[in-house]
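Asks: Quick one: this structure, given as structure tokens, is what I'll be asking you about.
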Amino acid sequence: MSERPADSWYEATARRDAPLPALEGDIQADVCVVGAGLSGCSTALHLAKRGYKVVVLEAERIGYAASGRSGGQIIPGWAGGMDKIAGQLGKADAKRVWDFSIEGIELTRELIERNRIDCDLAWGHVHAALKPRQRLELLDMQRGQEGEFGYRKLRFMERAETESWIASKRYIAGLYDAGAGHVHPLRYTLGVGRAAIAAGAQVFENSEVTGLTYGPTATVKTAKGSVRAKFVALCANVGHVGLSDRLARKLIGVASYVVATKPLGEARARALLKDNIAVADLNWIIDYYRLSADQRMLFGGRVSYSGIDPLGTTRATRQRMLNVFPQLADVEIDYAWGGMIDITMSRLPNFGRLEPNVYYLQGYSGHGMVATTIAGRLAAEAIAGQAERFDVMARIRHHDFPGGRLLRRPTLVMAMTWFRLRDLLP
Ligand SMILES: Cc1cc2nc3c(=O)[nH]c(=O)nc-3n(C[C@H](O)[C@H](O)[C@H](O)COP(=O)(O)OP(=O)(O)OC[C@H]3O[C@@H](n4cnc5c(N)ncnc54)[C@H](O)[C@@H]3O)c2cc1C
């Protein structure tokens with residue numbers, strides 16, 4: 001993963017405010033939020049609007065990690081799939097969980113409008129099938145979302161129509177979703193962070209949390225200070241690994257990479273993707289891409305399960321792009337970056353409490369733009385005493401990654417090698 005955020009096209013095209021001060025000394029709050037990605041910013045915003053004194057501690061800067069580096073795709077549903085959720089919670093609660101995601105999309109739209117967040121929000125998304133079994137998956141997806149959840153924004157497309165939207169020979173079918181879309185994720189996250197601050201939340205940057213003491217009043221420590229708070233919300237993504245063994249066992253960090261080409265010019269860009277849609281394929285290791293507002297191809301897909309940044313990541317991600325769009329062979333890459341995705345065993349999100357007053361939001365498994373936005377609202381409601389909706393999510397059970405601390409990653413690498421092979425099968 002590039003450690004220099006300036007390598008990301010998002011950092012190059014977002015306006016950051018001056019750094020916020022680091023925490024120094026001991027202070028008190030109603031709620032201490034750890035991490036200022038979208039989970040933390042949304043939680044802080046919703047709590048501050050309810051009148052809570054909220055302090056946010058961020059190790060780097062707002063939106064520095066996944067939320068500011070993501071593909072920016074706004075898609076209903078949850079990673080891991082609705083079938084698994086229905087298997088655990090039953091059909092009625094699975095419908096509620098689906099509805100949370102639709103509420104999350106509406107909330108995203110509302111936050112952008114109400115706070116005038118300039119983040120290139122655009123609607124239209126296609127899930128694309130590469131092989132016959134994935135074509136059937138798309139039909140199943142449509143049947144499930146329309147039949148069980150009453151979602152009416154989908155259109156199934158056979159090969160020719162899919163190719164009229166995505167100028168690639170690779171896909172045999174597509175599912176167009178008019179209710180999904182994309183944003184500039186860093187500008188969106190910074191906008192939600194600014195809204196939280198405007199609502200009264202106090203954010204400290206460069207304030208890594210190094211320890212947590214539980215109790216009716218919890219103490220959250222940084223190198224130079226501490227926050228004593230009635231509630232804590234852990235929103236630190238893979239940062240949880242260093243904060244709680246219980247959370248670490250359920251989580252593994254996987255790096256995902258994105259490249260941005262040089263600007264293609266309007267005509268060439270529009271010829272690649274109709275109506276400015278975003279696209280994700282159905283492979284286990286997915287390709288996801290879209291155009292930027294200045295007509296670059298932003299293409300993500302390469303992952304590293306070993307946690308080691310593989311040499312030649314930019315070249316490999318570019319090659320994945322050329323597999324889809326060979327017509328871009330002459331185009332140079334201007335920016336390349338990566339970020340960490342918090343994956344659970346089942347890929348379902350993992351929300352809950354470590355103690356009655358210590359909440360956590362993690363395990364978005366690469367599907368977190370909408371999920372974090374709504375999760376912040378649900379966590380804020382729960383902290384304010386209305387936990388019913390949060391607790392539907394908290395009922396989703398999770399297995400530990402096998403292998404303990406030492407063997408967890410090698411075991412995952414082996415499993416992922418199998419899934420990679422599966423992507424290659426017809
Ligand atoms: C390359 C990439 C592409 C993606 N594409 C998509 C996409 O297209 N659509 C989609 O829905 N999802 C996508 N995702 C997933 C999505 O971005 C994440 O699920 C979501 O942003 C997670 O938000 P978060 O707030 O939980 O975590 P983050 O945004 O990672 O924020 C966590 C914050 O906690 C801070 N932190 C960590 N440890 C500590 C500590 N000890 N003390 C204080 N602060 C700490 C970090 O610095 C960070 O700012 C993508 C992710 C990546 C990496």
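The values are calculated or read from the model by the stated rules, or taken from the named source; none is laboratory data. Keep in mind that what you see is a predicted model, and the values were worked out from it rather than measured. We place every Cβ from the backbone using ideal geometry, glycine too, and count neighbours over all the protein chains shown. Side chains are part of the model used for accessible areas, which takes the heavy atoms of the whole protein and leaves out ligands, DNA and RNA. Shrake-Rupley method; radii C 1.70, N 1.55, O 1.52, S 1.80 Å.
Asks: I'd like the full set of residues that are near the ligand (Cβ under 10 Å from one of its atoms) and either of a type in the set (Lys, Arg) or more than 20 Å from the chain's Cα centre (by Cα) (or both), limited to segment 58-99.
Replies: Arg61, Arg69
Asks: Name every residue in segment 192-217 that is buried (at least 19 other Cβ atoms within 10 Å of the Cβ) and away from the ligand (no atom under 14 Å from the Cβ), in order of residue number.
Replies: Within segment 192-217, Ala195, Ile197, Ala201, Gln202 qualify.
Asks: Anything in segment 368-390 that is surrounded by fewer than 24 Cβ atoms within 10 Å (Cβ to Cβ) and near the ligand (Cβ under 7 Å from one of its atoms)? List them, or say none.
Replies: Passing the criteria: none in range.
Asks: From the list Asp342, Asp330, pick out the single residue that is among the charged types (D, E, K, R) and at pLDDT below 95.
Replies: Working: Asp330 fails: at pLDDT below 95.
Every option except Asp342 fails the conditions.
Asks: Take Gly147 and tell me if it is surrounded by fewer than 22 Cβ atoms within 10 Å (Cβ to Cβ) and on the phi > 0 side of the Ramachandran plot.
Replies: Considered against the rule, which asks whether it is surrounded by fewer than 22 Cβ atoms within 10 Å (Cβ to Cβ) and on the phi > 0 side of the Ramachandran plot, Gly147 comes out as no.
Asks: Considering (1) more than 21 Å from Leu111 (Cβ to Cβ); (2) surrounded by 17 or more Cβ atoms within 10 Å (Cβ to Cβ); (3) not aromatic (Phe, Trp, Tyr), say which one Gln319 fails and leave the rest.
Replies: Of the numbered conditions (1) more than 21 Å from Leu111 (Cβ to Cβ); (2) surrounded by 17 or more Cβ atoms within 10 Å (Cβ to Cβ); (3) not aromatic (Phe, Trp, Tyr), the odd one out for Gln319 is (2).
Asks: While we're on this one: Considering segment 349-367 alone, what residues qualify as being more than 13 Å from the ligand (Cβ to nearest atom), open to solvent by less than 10 Å² (accessible area, probe 1.4 Å) and either of a type in the set (A, V, I, L, M, F, W, C) or within 28 Å of Gly181 (Cβ to Cβ) (or both)?
Replies: The answer is Val358, and nothing else.
Asks: Okay, next question. Would you be able to say whether some residue in segment 253-261 is surrounded by fewer than 20 Cβ atoms within 10 Å (Cβ to Cβ) and more than 14 Å from the ligand (Cβ to nearest atom)?
Replies: Checked against the condition, which is being surrounded by fewer than 20 Cβ atoms within 10 Å (Cβ to Cβ) and more than 14 Å from the ligand (Cβ to nearest atom), segment 253-261 yields no hits at all.
Asks: Same structure, new question: Can you list the helices (runs of 4 or more DSSP H) lying wholly within segment 63-125 that have 2 or more residues being farther than 23 Å from Leu190 by Cβ?
Replies: So the answer is 82-89, 91-114.
Asks: Give me the residue from segment 282-291 that is in contact with a helix residue (DSSP H, G or I) (Cβ under 8 Å, 6 or more places away or on another chain), within 13 Å of the ligand (Cβ to nearest atom) and not aliphatic (A, V, I, L, M) and, out of that set, nearest to Trp123 (Cα to Cα).
Replies: Residue satisfying both the conditions and the ranking: Arg290.
Asks: Another question, then. Can you confirm whether segment 37-55 contains a residue that is of a type outside the set (D, E, K, R), more than 8 Å from the ligand (Cβ to nearest atom) and part of a loop (DSSP other than H, G, I, E, B)?
Replies: yes
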